[in-house]
Each structure stands twice: as C-alpha cells, then as structure tokens.
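Peer 1: This is the structure I have questions about; it appears just below.
What follows is calculated from the coordinates using simple rules that are stated; it is not laboratory data. As the structure is a prediction and not an experimental result, all values here were calculated from the model. Neighbour counts are summed over all protein chains in view; Cβ atoms, including those assigned to glycine, are modelled from backbone coordinates with ideal geometry.
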Amino acid sequence: MTLSTKHTRWPALLLGMTMPGLGQMHSGELLKGICFFAIYQMLALTGLRMAVLLPDRLLAAGVGVVLALAVAFYLWTIHEAARWRSGVSEPKAYNRWYFYLAAWLVGMVGVNGLIIDHIRSSTVEAFKIVTDSMAPTILRGDRVLTDKTAYRRVAPRVGDGVMFINPDDRSKIFIRKIAALPGQQIPGITGSGDVVPRGMVYVLGERSTAVSGSATLGLIPLRDLVGKARQIYWSSGPDGIRWQRIGMTLSGTVFNAAGGGK
C-alpha cells in the first residue's frame, strides 16, 4: 500500500516542527533528516564559538545573528519537510509513532539538551544582574553576556568584570571586578607581604558599601572564575527599558573609569 503526498505532507510538517529533520525522516529520507539535525546543532555550537571571538561591542550582535540563523534553518527544515513531492512513496519500516517519539527524546531532550548545557558552561551564557553591588557600571536589571572562553585565550586583567562562584554557596554566581592579580598588592593594605598569592585574585564591587567582595568572601581561586562579563544586551528597571545601556561594553577601562569603589 502506498502513501500519497497528500497523506504525508501534513504529518511531515507537524513532525518537523518538533525537531529539525524529523519531518524528512517521516518522508522516508532518514539520512537527510539526521544530517539536518546535525547541521542545526553544529550551526549553534560553531557559530557561538566564533561569536565570542568578536570585539566586545559586536558580541551581542554576533550572538543574535547566530541564533537568528539557527532559527531560520529550523524553519527552513520545516518548510522542506512539507514540500510537495511528486509520485508516491512506500512507508518505511521505521514509520511508527514510537520511532518518532524515541527520535525526539534522543534528539531534542538528549543531544539538544547536552549541546545547550555545553554552550552555557563552556562558551557563552547570559546572566541577569539582581543586585546593585556593581553600580553605576552595572545596574540591577541589566542582562549581561559572559564569555566562558575568555580566560582560555587571554590572562585576567585588573579591571575585568568577572563572574565567579560564591565560595560560601557554590550554587550562586557573583559578579565583581578584579582589583588585584597574583603577586600584586592587596588594595587598601600597605604591608609589603600582603600580596595576592598564586592562583588567586582579589575582587571588589564598584560601590564602597558593597561587602561581598574579597574583604568578606576572601580571595577567589582563578579556577572559580566562571567567565568575563563583556556586554549588556538588555537592561530594564522600575523606570522601564534603559535603551541607552543596551549594547554597552564592560571592558576594564569602563570599570576603572566608572568605579565608585574604594
């Protein structure tokens, strides 16, 4: 018994909406479907790896372009899955509901979930700022793009805004600026022996009232630096959207110039 194009078009369209390539698999093009799914994943993974190499001012735009391309490719695979095909096609042995369910679980829940976790843990991640400890440079309500690859490419510098693991609660991430690197004098202390030891950094907030820097948390191990805060991609507060802050870069010179710390 054959399946006409009329009978296969809409199921392919619906399946394609659930996962890139699944519509093609329904239409009997198993290899094409697998390739489309792999291209979708690699587009996001490779594209974001390239985006973090852009200058700070272009980071948000680069990430946006990569995500837009991934979405556009996803939509194209849906359209391609539902396109009109001449003639008829025999159903394949795998054209069963349980195959589609298994493919979706492996693809979108398994592989796609792992790719997203990998990107967030090793490439780039967005954070929402929920405190005023870094005001006026970074405000509560800012959304910041953090480059997880930065310190695999360059060494940390004084003035860098960094995300780091809270040593008192490792489930939380704080943002502060680096005030001293290994071998440098600890700020506010004049003793000749009071320098930052190897493998550590001294961090401070921008406000003199901020108590969650190294003065209270202690020195931060370099291995606990999650990444470098590079650009604000969105900002909103009680006064609404802060348009003038969107796209603002967070380089060391900005921190040093705008710093209200000690």
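Peer 1: So for the pair Gln244, Val130, with labels modelled 7 Å out along Cα→Cβ, what separation do we get in nm?
Peer 2: 2.8 nm
Peer 1: Quick check: the distance between the Cα centres of the stretch 95-112 and the stretch 138-175, to the nearest angstrom?
Peer 2: 36 Å
Peer 1: State the three equivalent ellipsoid semi-axes of the chain, derived from the C-alpha gyration tensor as the square roots of 5 times its eigenvalues, in descending order and whole Å. Numbers along the way, then the final one.
Peer 2: Values: eigenvalues 491, 66, 40 Å².
Value: 50, 18, 14 Å, ordered largest first.
Peer 1: With the crude spin-label approximation of a point 7 Å out along Cα→Cβ, what separation in nm comes out for Met50 versus Ile34?
Peer 2: 2.6 nm
Peer 1: Same structure, new question: Non-local amide H neighbours of Met248 (under 5 Å, H modeled in plane, Pro and chain starts lacking H): which ones?
Peer 2: Amide H to amide H, under 5 Å and 5 or more residues apart or across chains, Met248 pairs with Ile232.
Peer 1: With charges set only on the Cβ (+1 for Lys and Arg, -1 for Asp and Glu), what does the dipole of the stretch 5-122 come to about its Cα centre, in debye to the nearest 20?
Peer 2: Details: 10 positive and 5 negative charges, 51 e Å.
So the dipole magnitude of the stretch 5-122 works out to roughly 240 debye.
Peer 1: Now a separate question. Regarding the stretch 61-179, what's the average projected area of the Cα-atom convex hull, expressed in nm²? Each step should come with its number before you reach the end.
Peer 2: Values: hull surface 48.6 nm².
Mean orientational projected area (the stretch 61-179, Cα hull): 12.2 nm².
Peer 1: Is the stretch 125-258 rounded, prolate or oblate when judged by the Cα gyration tensor, a ≥ b ≥ c being the square roots of its eigenvalues, rounded requiring a/c under 1.5 and prolate requiring a/b larger than b/c?
Peer 2: Numbers: a/c = 1.82, a/b = 1.63, b/c = 1.12.
Prolate is the answer for the stretch 125-258, as a/c is 1.5 or above and a/b outweighs b/c.
Peer 1: Skipping prolines and chain starts, which residues have an amide H placed within reach, meaning under 5 Å, of the one on Ala180, given they are 5 or more residues away or on another chain?
Peer 2: Here the answer is Tyr202, since their amide H atoms fall under 5 Å of that of Ala180.
Peer 1: With +1 on each Lys and Arg Cβ and -1 on each Asp and Glu Cβ, how big is the dipole of the stretch 56-184 about its Cα centre, in debye rounded to the nearest 20?
Peer 2: Here the size comes out at about 100 debye.
Peer 1: What ³J(HN,Hα) values, in whole Hz, does the Karplus curve 6.51 cos²θ - 1.76 cosθ + 1.60 give for the stretch 22-33 when θ = phi - 60°, with x put for Gly and Pro?
Peer 2: 5, x, 5, 4, 5, 7, x, 10, 4, 4, 4, x
Peer 1: Please list the non-local residues whose amide H lies under 5 Å from the amide H of Gly227, H modeled 1.01 Å from N, same-chain partners needing a gap of 5 or more.
Peer 2: Here Met163 satisfy the definition.
Peer 1: What distance in nm separates the two pseudo spin-label positions at Arg120 and Thr18, each 7 Å out from Cα along the beta-carbon direction?
Peer 2: 2.4 nm
Peer 1: A follow-up question, please. Restricting things to alpha carbons, tell me how big the stretch 5-122 is in terms of Rg and Dmax, in Å.
Peer 2: For the stretch 5-122, the Cα radius of gyration and maximum Cα-Cα distance read 16.2, 53 Å.
Peer 1: Using θ = phi - 60° and the Karplus form 6.51 cos²θ - 1.76 cosθ + 1.60, what ³J(HN,Hα) does each residue of the stretch 121-129 get, whole Hz, x for Gly and Pro?
Peer 2: Each residue of the stretch 121-129 in turn: 8, 10, 10, 8, 8, 9, 10, 9, 7 Hz.
Peer 1: Report, in degrees rounded to the nearest 10, the 0 to 90 angle that the Cα long axis of helix 59-81 makes with the longest principal axis of the chain.
Peer 2: 10 degrees
Peer 1: Along the charge dipole of the chain, which of Thr216, Met19, Asn112 sits closest to the positive end, that is, farthest toward it, with unit charges on the beta carbon of Lys, Arg, Asp and Glu (+1, +1, -1, -1)?
Peer 2: Of Thr216, Met19, Asn112, it is Met19.
Peer 1: Next up: Set the Förster radius R0 to 30 Å, insert the Cβ-Cβ distance between Ala72 and Phe99 as r into 1/(1 + (r/R0)^6), and round the FRET efficiency to 0.05. Spell out each step's value before the answer.
Peer 2: On the way: r = 28 Å, r/R0 = 0.92.
Efficiency, rounded to the nearest 0.05: 0.65.
Peer 1: In debye, nearest 20: dipole of the stretch 125-258 around its Cα centre with unit charges on the Cβ of K, R (+) and D, E (-)? Could the numbers behind the result be given before it?
Peer 2: Values: 18 positive and 11 negative charges, 81 e Å.
Result for the stretch 125-258 is approximately 380 debye, rounded to the nearest 20.
Peer 1: Now, a different point. For a quick protection proxy, order the peptides 164-172, 137-145, 237-245, 50-58 by their average other-Cβ count within 10 Å, most packed first.
Peer 2: Going by the mean number of other Cβ atoms within 10 Å, highest first, we get 137-145, 50-58, 164-172, 237-245.
Peer 1: Could I ask something else about it? With r as the distance between the Cβ atoms of His79 and Val111 and R0 = 30 Å, compute the FRET efficiency 1/(1 + (r/R0)^6) and round to 0.05. Please list the in-between numbers first.
Peer 2: Details: r = 23 Å, r/R0 = 0.75.
Step by step, r from the Cβ atoms, then E = 0.85.
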